[in-house]
Amino acid sequence: MTLLITVFAAVTVTLIWYASEKARKLMTGPLCLAFWGSSLMWLVDAVMEYIENGAEFFSPSGKDMLNDAFLGISVVALALTVWVIALLVKDPGGVVRKRLKKHD
Amino acid sequence: MACFLAPAAEAVVTTVITVVVKKKEKRSEKETASESAVAKKLRFSEKLRWLNWMLWGGSLLLAFEHIWHGEVVPWFPFLTRASDAADRAEMLREIATNGTAMCLLVTLVWGIMVAVASRLEKAAPADEAKEEVVS
């Protein structure tokens with residue numbers, strides 16, 4: 001479930017990066033690569049688990065699925081939070097700097 | 001258990017390599033003074049940054065997963081499995097198998113990305129020439 005949620009996040013951010021010039025200026029490239037990197041790493045985990053447990057891997061308990069989904073959403077929230085902080089610190093559009101100058 | 005440590009270690013190495021490569025590229029650009037020719041092609045240090053983002057991003061999110069499962073703690077020795085000898089051996093085995101496989105897969109995907117980007121860069125001048133002939 002964590003892998004699925006991360007893959008969906010990676011695909012969504014990649015599509016936004018591809019379609020919008022404005023989004024590319026807002027550092028969506030690194031975010032997209034971070035999601036793809038983690039998706040690949042969880043894919044390895046999933047393959048290893050499948051090798052160990054076989055078809056049982058595809059029928060997790062409801063409780064496990066819920067916990068994994070909760071983890072997946074938290075992972076996406078963490079990545080987005082780190083990205084927003086990096087965006088505000090780097091301030092590629094100069095929005096924060098303009099606001100600060102106004103208050104001076 | 002601690003499989004994210006292998007890609008994190010690779011990320012440290014590739015980040016250092018990126019800094020060295022970037023310095024070399026800047027030096028060679030100054031010497032040749034052909035920035036217009038270099039600007040058309042993406043620098044290798046830029047391509048290395050793709051790998052850095054994948055490795056750092058992946059390691060960070062995987063580390064979060066390990067904190068979630070209680071495998072990483074904020075006190076020494078930080079990894080819950082590191083205190084017991086049998087658990088430690090299991091953890092090291094996982095780093096060697098899962099961790100190495102993660103490093104290999106991410107690096108392989110990056111290699112494919114670089115190869116595709118290089119092909120597109122080579123094709124770009126030909127496309128531009130075609131457009132000029134047509135117009």
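Numbers at a glance
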| item | result |
| --- | --- |
| Computed over chain B, Cα set: Rg, Dmax in Å | 20.9, 73 |
| Degrees separating the helix A:2-19 axis from the principal Cα axis of chain A, which is the longest one | 40 |
| Percent of Cα-Cα distances greater than 19 Å, calculated over chain A | 54 |
| Average accessible area per residue (Å²) across segment B:46-87 - probe 1.4 Å, nucleic acids and ligands excluded | 52 |
| For q = 0.10, 0.13 Å⁻¹, Debye-computed log10 I/I(0) when each Cα of the protein assembly as shown counts as one equal scatterer | -0.61, -0.94 |
| Residues of segment A:26-41 buried by at least 40 Å² on assembly (accessible area, 1.4 Å probe, chain alone as reference) | A:P30, A:L33, A:A34, A:L40, A:M41 |
| DSSP H segments from chain B that extend 27 Å or more along their own axis, Cα-based, with Kyte-Doolittle mean of 0.5 or above | B:100-134 |
| Residues of type lysines that A:K90 reaches as a straight line, Cα spacing below 21 Å, ignoring anything fewer than 8 places off in the same chain | A:K22, A:K25, A:K98, A:K101, A:K102, B:K22, B:K47 |
| Accessible surface of segment A:2-102 [probe 1.4 Å, protein heavy atoms]: carbon and sulfur percent | 71 |
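The values are calculated or read from the model by the stated rules, or taken from the named source; none is laboratory data. Remember, predicted model here, so these are calculated numbers, not experimental data. Please note that ligands, DNA and RNA were not included when accessible areas were found on the heavy atoms of the full protein model with its side chains. Shrake-Rupley method; radii C 1.70, N 1.55, O 1.52, S 1.80 Å.
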